[in-house]
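Only one structure is covered here, and it is reproduced in the block below.
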Amino acid sequence: MSLTDVKVRNAKTTDKQLKLFDGDGLFLLVTPSGGKRWRFKYRFGGKEKLLALGTYPEISLAEARDRLHRARKQIAEGIDPGEVRKAQKLAKEQDENIFEVVALEWHAKHTPTWTPRYAELTLTRLKKNVFPWIGNRPVVELKAPDLLMVLHRIESRGALVTAHRIRSICSQIFRYAIATGRAERDPASDLRGALPPVKPKHFAAVTEPEKAAGLLRAIDGYQGSFIVKCALQLAPLFFVRPGELRQAEWAEIDLDQAEWNIPAEKMKMRQPHLVPLAHQAVEILRQLYPLTGNGRYVFPSPRTDKRPMSNNAILSALRRMGIEKEEMSGHGFRAMARTILDEVLQVRPDFIEHQLGHAVRDPNGRAYNRTAHLAERRKMMQTWADYLDGLKAGAKVIPLRKVV
C-alpha cells in the first residue's frame, strides 16, 4: 500500500533501520536515531542504485513523489539521475572554489573590521582590476604568472601604486583560501620584487614656523563657508587625518571635558583614539555648535546633514586661498605639527607619535592605550595651540625646552 502523510508522520523508530515503501522505488528510511530519509531505488545500466531525495519533514511526501517523478523521467531519457546529482555537486564545489567567490567571502569576513570607505574601495579594486581576468578560475589552479599578468595590466595604465596594493590584497585572499582548505600556497608571495618599486610620495606640508604663521593668518581670513573655515582652523589644532576630521561627530566630542573620542572603526590603526582639546579648539567648536550641533556631523555636507563634508572641501578651500598643492595638503597639518613639536618645542617623540594615532609601543612591546600619557598630551596640545596663536600674532616665539 502507498504511504500517507499520517503513516509517514507516525512512523516509529526501532533498533534497526526500517524501510516504508511508497511505490515505484520510493521509500522512507527510518533510522534508529529517529531520522526519516527519502530514498529512490532504481536500476540503470544493469546496476541497482540508490538516490537520496531529502529528509522528512523538510521534504514532504508530495515533494518526495515529485522528485521521484523527475528522476524517473531522466531514466526514461537515458540519463542517470545519480550521475546528474554528482555533476551538480561537483559544479557547486567548483563554484565555491573560484577566485571571485573566495575573494568575496574574504571581503565579507573582514568588512566589519574596516571603515565603510576602505571596504568599498577594496571591493571596487577587485571588481575592476582582478575579477574580469581571473575571477572565474579555481583558486587552487592560479599561479604566479596568472597574477603577474593582472598586475602588469594595471601597471601599463600608469597605476603602479594600485598594482602593488592589488598584489597585497590578492595575497591576503590566497592566505584565506589556504586557511579554508581551498588552496595550497600563496602565489602572490612569489611576486615580491616583480613590480618596480613605488617612489615615496610625501604629502606637501608647511613645516617652517614663518610659513606656518602666514598659513594660519590666511585661514583666519578665509571668506568662504563658516563650517569649512572652522574645519581649517581646527585642522592644525587636532592634526588628525583628513578623513577623521571631516567625519567628526558631535556625539564623540565632550566640550566640558575638552575631549574628542574617535571610535576604532574610524581610525587607520583600528584603535580608539583620544584627542585632548586645547581651549582654543573648544572655543571654535562652541561657535560652530549652534549651526551644526543639531545634526550628526560637526562638518556636514552643504547638500545634506546626513553626510559629512567631502574629501575635497578643505583642499578646495586651500586652493581658493592661493595655497598651491605643492605647498600644503590636508595631511600636511600632521607633518607641520610633528616637525615643529619635535624640532622647535622639543616634545618627547613618543608623545607626538601617540597623538598622531601611530602604533607606539612601550619598552615591553605593548601598545599604549588611548589614555596613555594623557596628562602630558593635554599639556602638549595646549602648548601647541598657544604656540600657533603666537605665530599668528607675529610674536617672537622662543623655542621651549622640554615642554612635556
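The values are calculated or read from the model by the stated rules, or taken from the named source; none is laboratory data. As the structure is a prediction and not an experimental result, all values here were calculated from the model. Cβ atoms come from the backbone with ideal geometry, glycine included; neighbour counts cover every protein chain shown.
Among (1) within 18 Å of Lys392 (Cα to Cα); (2) of a type outside the set (S, T, N, Q); (3) out of contact with any Cys (no Cβ under 7 Å at 6 or more places or on another chain), where does Ile284 come up short?
Answer for Ile284: the failing condition is (3).
Could you tell me whether any residue of segment 147-157 is surrounded by fewer than 17 Cβ atoms within 10 Å (Cβ to Cβ) and touching a Lys or Arg at 6+ places or on another chain (Cβ under 8 Å)?
As a first pass, look at segment 147-157 and keep what is surrounded by fewer than 17 Cβ atoms within 10 Å (Cβ to Cβ): 149, 152-153, 156-157.
The next check asks that each one be touching a Lys or Arg at 6+ places or on another chain (Cβ under 8 Å); those that pass are none.
No, segment 147-157 contains no residue that is surrounded by fewer than 17 Cβ atoms within 10 Å (Cβ to Cβ) and touching a Lys or Arg at 6+ places or on another chain (Cβ under 8 Å).
State all residues of segment 75-90 that are among the charged types (D, E, K, R), farther than 15 Å from Ala52 by Cα and either at pLDDT below 80 or in contact with a helix residue (DSSP H, G or I) (Cβ under 7 Å, 6 or more places away or on another chain) (or both); if no residue qualifies, say none.
Those that are among the charged types (D, E, K, R), farther than 15 Å from Ala52 by Cα and either at pLDDT below 80 or in contact with a helix residue (DSSP H, G or I) (Cβ under 7 Å, 6 or more places away or on another chain) (or both): none in segment 75-90.
What residue, among those in segment 214-231 that are assigned to a helix (DSSP H, G or I) and either small (Gly, Ala, Ser) or modelled with pLDDT of 90 or more (or both), is surrounded by the fewest Cβ atoms within 10 Å (Cβ to Cβ)?
Phe226
If you scan segment 112-144, which residues turn out to be within 18 Å of Gly243 (Cα to Cα), of a type outside the set (Asp, Glu) and assigned to a helix (DSSP H, G or I)?
Once the filter is applied, which keeps residues that are within 18 Å of Gly243 (Cα to Cα), of a type outside the set (Asp, Glu) and assigned to a helix (DSSP H, G or I), segment 112-144 yields Thr113, Pro116, Arg117, Tyr118, Ala119, Leu121, Thr122.
Looking only at segment 96-146, filter to residues that are acidic (Asp, Glu) and under 18 Å from Ala179 (Cα atoms); which one of those is surrounded by the fewest Cβ atoms within 10 Å (Cβ to Cβ)? Before you say what the answer is, go through the steps one by one.
Start the filter on segment 96-146 by keeping residues that are acidic (Asp, Glu), which leaves 96, 100, 105, 120, 141, 146.
After this cut, where a residue has to be under 18 Å from Ala179 (Cα atoms) as well, the list is 96, 100, 105, 141.
On the way: Glu96: 14, Glu100: 19, Glu105: 16, Glu141: 12.
By that ranking, first place goes to Glu141.
Would you point out the residue of segment 23-65, among those that are in a loop (DSSP other than H, G, I, E, B) and over 49 Å from the mean Cα position of the chain (by Cα), that is modelled with the lowest pLDDT?
Gly45
I'd like to know if segment 261-278 contains one or more residues that are out of contact with any strand residue (DSSP E or B) (no Cβ under 9 Å at 6 or more places or on another chain) and without any contact (Cβ under 8 Å) to a residue 12 or more places away in the chain.
Among the residues of segment 261-278, not one is out of contact with any strand residue (DSSP E or B) (no Cβ under 9 Å at 6 or more places or on another chain) and without any contact (Cβ under 8 Å) to a residue 12 or more places away in the chain, which makes the answer no.
Kindly check whether there is at least one residue in segment 265-277 that is at pLDDT below 90, exposed (fewer than 13 other Cβ atoms within 10 Å of the Cβ) and farther than 23 Å from Tyr118 by Cβ.
No, that holds for no residue.
How many residues does segment 272-323 contain that are in contact with a Ser or Thr (Cβ under 8 Å, 6 or more places away or on another chain) and not in a helix (DSSP H, G or I)?
11
With the condition kept exactly as written, say whether any residue in segment 206-213 is surrounded by 18 or more Cβ atoms within 10 Å (Cβ to Cβ), at pLDDT 90 or above and either within 32 Å of the chain's Cα centre (by Cα) or assigned to a helix (DSSP H, G or I) (or both). Steps first, answer last, please.
Filtering segment 206-213 for residues surrounded by 18 or more Cβ atoms within 10 Å (Cβ to Cβ) gives 206, 209, 212-213.
Pick out the ones that are also at pLDDT 90 or above and you get none.
No, segment 206-213 contains no residue that is surrounded by 18 or more Cβ atoms within 10 Å (Cβ to Cβ), at pLDDT 90 or above and either within 32 Å of the chain's Cα centre (by Cα) or assigned to a helix (DSSP H, G or I) (or both).
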